[in-house]
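Down below is the structure, laid out as structure tokens.
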Amino acid sequence: MIQLILKNNIEQNKIEALLSLLKSWNIEAEIKTIPPVVIKKEKEFSLSAGIWKDYDIDAEVLRKQSWNRIQ
């Protein structure tokens, strides 16, 4: 089996002409319409948000604690 995928909306008369051409060469062909794929915009994901989700932690507090350890 070989698939030919036409990506743009094509006028019906052009599709019928293509099918007629293929059939004139004794090539069996059929048309299947596939609904367009909806691309969902993904949300930003932070691994740290998942790790700390059950804790009451403030980013500012963590930064201050971190800077205190360095000095």
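Before moving on, here are some points about what is shown:
- Other residues whose C-beta falls under 15 angstrom from the C-beta of residue 20 contribute a net charge of -2, scoring Lys and Arg +1 and Asp and Glu -1.
- Partners of residue 23 within straight-line reach, counting lysines whose Cα lies under 27 Å from its Cα and excluding those fewer than 8 residues away in the same chain: 7, 14, 32.
- Here each label is just a point 7 Å from Cα along the line to Cβ, and for residue 23 and residue 39 those points are 3.6 nm apart.
Readers should treat all values here as calculations from the given coordinates under stated rules, not as data from a laboratory. Source: prediction; values computed, not measured. Glycine gets a Cβ as well: all are built from the backbone with ideal geometry, and neighbour counts include every protein chain shown.
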